[in-house]
Amino acid sequence: MKKAAKLLTLLILIMMLTACARQADTTEDTGDQDEVNGAALHDYADQSDLADEYDENGGEASEAIQVKQPRTEAERDENLVKLGKVWGFVKYTHNAFITGAKCWDEELLRLIPIVYNAHPSEVNGILYDWFISLGDDGYDAVVPGTEDADLRQVADLSWINYDYLGQLSVHLLRFNGTPVYLDRSQAPVYFNFLGAPVFYNQIHHSGMDFGDSAYRILALFRLWNAMKYYYPHLGILDVEWNDLLPIYIPKMLDGEDRLSYELTLAMLSHHVRDSAHLNLFGATFFNSKFGRYIAPVWLIEAEKQLVVYAAASVRLPTRDIIQHSLEPFETGDVILKLNGREIDEVTAEMLRLVSYPDEEKALAYLALMHHSLRSHTRNMEVTVLRGDARKTLNVDGVREGQMGMRFLLHTGPFHMRLDNNIGLINPAFHGNTGRAMDDFADTDGIIIDLRQRPGGGPFPMEMKRYLVEENLPFGYLSFPLQTHPGVRSMSRDWGWNYVQTPYTFIYDRPVVLLMNEETISFPESVVMYLRVAPNVTVIGPWSMGSNGNIVLMPLPCGINMSFTSLGVYTLDGGQTHRIGLEPDIRVDRTTQGIAEGRDEIMEAAIEFILGS
């Protein structure tokens, strides 16, 4: 038995070496290096010899480490919880990983079967020996003080204590920060010019076997720890992030295929509540669960219902984009059923797998981001309420990849003069702000439609110089403290500055910003930036509440997860994430208004200007 176990040990070590190249090569993922034999963790035979052989020197271990049978599944899962916490902290702090001298994935893959099959009383010793084997930790480095900085501790590290980790906690509590001068080019995370984290050194493991429990646990640990140390909003989740790891370890171990793997990642990321910023690019679970054919209409939320708003734009095989016919729908149709299922039942199932901000915005988020009318067959049956009548429609869907961008339904020039001597600016389209303001110099008010994403360029800075004479502060950003994972540094420096020129003037009549749930991310920043002017009023529903720079993190099997990396806060330090921005005058859409083709938010803005 010992001979067989030693042979197995050798095979595992060989697999680990092929699974993880040095960090200098991590961006070149080869499918071959990820080919491993799928196996449940308890199928790695008797791990007692592996545990016995794993000590600080990588050789003969002390006789104190012996596996005591039997072990329950709950004990094994709790062993992995401890491993996930320790590995994540060490991954982001230890010199061996910061410098790229050792591969964090390789170390984890080696440890998973050992820790999983160990007796709980042995786990602390195994982790201690592993930590010592990594070499100089760098935890005693002298790191400049941050006494004058506005810092916030986000990651809960209370688990690093002697009762939980034994002697290992003494070492981990020595961590004094990572010096900023240390070369992080091969580290698991480095930072770009904005101060946002970059995870490009993570290995994709695109050829992973979905039945291999070790790689499934690796993916779970990677996601959980990245959020723990680099997501700015753990403090406003509906759950304690630490409590999720023991819940999702058995879920991940229960599956053996791609769908169960992706669903577990999706269910965990659902708790992040990062709205439009959180996506699992390359994942196929949504199509697998709900279908890849989509009804070619844009839906919108009104009065807690999904309502047909407009025909969708569709991309032809020629790459041309056209407006699809709205038939058999009509604007204002209220969705009741999809293929015989109540739409509330369908959306409830979808919402368990997506990262919507809160219950109030749930349907608006689904309508905007995930095309709720989906089917596994091209033809689908949709029941709607049209006026007082229920109608069942036969609808031909299009493939997801054919759907155009939602903002393309907004049309019109960059600026135009409305009736009643009111100017309108549509910043989703490129234009000249100076020319627009010259044209609007004699108007009685201006409306800026931020229910669509500004098309880029310097519009916010150019517009603000017509509203205030000095660059007023408008909010805070939080950045990850590069020396200490899990700590955020608050700053009012957004870098959005402008230069007042002698050719501009201050526009002193009413300016209205239009906002709704499609005001997401950059448009939310623009609202914050411009509303500090004394003559600016914001009208509409609350914004979606998803702002701050987006980063990508590779997950095993070729998925790229995006999430918010920089926190955005109001000028008094209040939250905007999940909550959104509060309008000065709240105006919501109605199903009747949509059916009549009215823009009730625009109407309210015009009425406000005329009454000022």
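The values are calculated or read from the model by the stated rules, or taken from the named source; none is laboratory data. Quick caveat, the model's predicted, so the values are computed rather than measured. Note that each Cβ is placed from the backbone with ideal geometry, even for glycine, and that neighbours are counted across all protein chains shown.
Any residue in region 584-591 that is in a loop (DSSP other than H, G, I, E, B) and either among the β-branched types (Val, Ile, Thr) or in contact with a Lys or Arg (Cβ under 6 Å, 6 or more places away or on another chain) (or both)?
yes
Please work out if Tyr200 is of a type in the set (Phe, Trp, Tyr) and either surrounded by fewer than 17 Cβ atoms within 10 Å (Cβ to Cβ) or assigned to a strand (DSSP E or B) (or both).
Judged against the criteria, Tyr200 is a match.
Right, Phe199: within 24 Å of the chain's Cα centre (by Cα), in contact (Cβ under 8 Å) with a residue 24 or more places away in the chain and farther than 20 Å from Arg76 by Cβ or not?
yes
Does Asp254 satisfy being more than 17 Å from Val86 (Cα to Cα), of a type in the set (D, E, K, R) and in contact with a Ser or Thr (Cβ under 8 Å, 6 or more places away or on another chain)? Write out each step before concluding.
Working: more than 17 Å from Val86 (Cα to Cα): yes; of a type in the set (D, E, K, R): yes; in contact with a Ser or Thr (Cβ under 8 Å, 6 or more places away or on another chain): yes.
Against the criterion (more than 17 Å from Val86 (Cα to Cα), of a type in the set (D, E, K, R) and in contact with a Ser or Thr (Cβ under 8 Å, 6 or more places away or on another chain)), Asp254 qualifies.
Looking at Arg598, Arg578, can you tell me which residue is in contact with a His (Cβ under 9 Å, 6 or more places away or on another chain) and not assigned by TED's automatic domain parsing to the domain that holds Leu299?
Values: Arg598 fails: in contact with a His (Cβ under 9 Å, 6 or more places away or on another chain).
None of the other options fit; the residue is Arg578.
Residues that are over 27 Å from Val272 (Cβ atoms) and either in a loop (DSSP other than H, G, I, E, B) or in the same structural domain as Ile422 (by TED's automatic domain parsing) (or both): does region 513-522 have at least one?
yes
Could you tell me which residue of region 443-455 is surrounded by the most Cβ atoms within 10 Å (Cβ to Cβ), considering only residues that are among the hydrophobic types (A, V, I, L, M, F, W, C) and either within 33 Å of the chain's Cα centre (by Cα) or in a loop (DSSP other than H, G, I, E, B) (or both)?
Leu450
Just for helices (runs of 4 or more DSSP H) wholly inside region 324-442: which have at least 1 residues that are at pLDDT below 95?
By residue number, 362-369, 433-439.
Listed here are the residues, each with its yes/no results for (1) under 21 Å from Leu83 (Cα atoms); (2) over 18 Å from the mean Cα position of the chain (by Cα); (3) polar (S, T, N, Q).
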| position | (1), (2), (3) |
| --- | --- |
| Gln186 | no, yes, yes |
| Gly211 | yes, yes, no |
| Ala214 | yes, yes, no |
| Leu223 | yes, no, no |
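Of everything in region 300-323, what is of a type outside the set (Asp, Glu), farther than 17 Å from Gly593 by Cβ and part of a loop (DSSP other than H, G, I, E, B)? Give them in sequence order.
Scanning region 300-323 gives Ala312, Leu316, Pro317, Thr318, Arg319.
From Met227, Met252, which residue is crowded, with 17+ Cβ neighbours inside 10 Å, within 15 Å of the chain's Cα centre (by Cα) and in the same structural domain as Glu75 (by TED's automatic domain parsing)?
None of the others qualify; the one that does is Met227.
Within region 255-266, which residues are over 14 Å from Asp209 (Cβ atoms) and surrounded by fewer than 16 Cβ atoms within 10 Å (Cβ to Cβ)?
Across region 255-266, the qualifying residue is only Leu259.
Give the residue, chosen from Val527, Val538, that is part of a helix (DSSP H, G or I) and either on the phi < 0 side of the Ramachandran plot or of a type in the set (Ser, Thr, Tyr) (or both).
Answer to the selection: Val527.
Only one of (1) over 29 Å from Leu280 (Cα atoms); (2) surrounded by fewer than 15 Cβ atoms within 10 Å (Cβ to Cβ); (3) not assigned by TED's automatic domain parsing to the domain that holds Gly545 is not met by Thr331, so which one is it?
So Thr331 meets the others, but not (2).
Is at least one residue of region 257-271 in contact (Cβ under 8 Å) with a residue 60 or more places away in the chain and in contact with an Asp or Glu (Cβ under 6 Å, 6 or more places away or on another chain)?
Looking for residues that are in contact (Cβ under 8 Å) with a residue 60 or more places away in the chain and in contact with an Asp or Glu (Cβ under 6 Å, 6 or more places away or on another chain), one finds none in region 257-271, hence no.
Go through region 543-564 and report how many residues are outside any strand (DSSP E or B), crowded, with 23+ Cβ neighbours inside 10 Å and either over 12 Å from the mean Cα position of the chain (by Cα) or modelled with pLDDT of 95 or more (or both).
Total satisfying the criteria: 4.
If Arg509 passes every condition in (1) closer than 22 Å to Ala196 by Cα; (2) modelled with pLDDT of 90 or more; (3) surrounded by fewer than 22 Cβ atoms within 10 Å (Cβ to Cβ) but one, which one does it miss?
Failed condition: (1).
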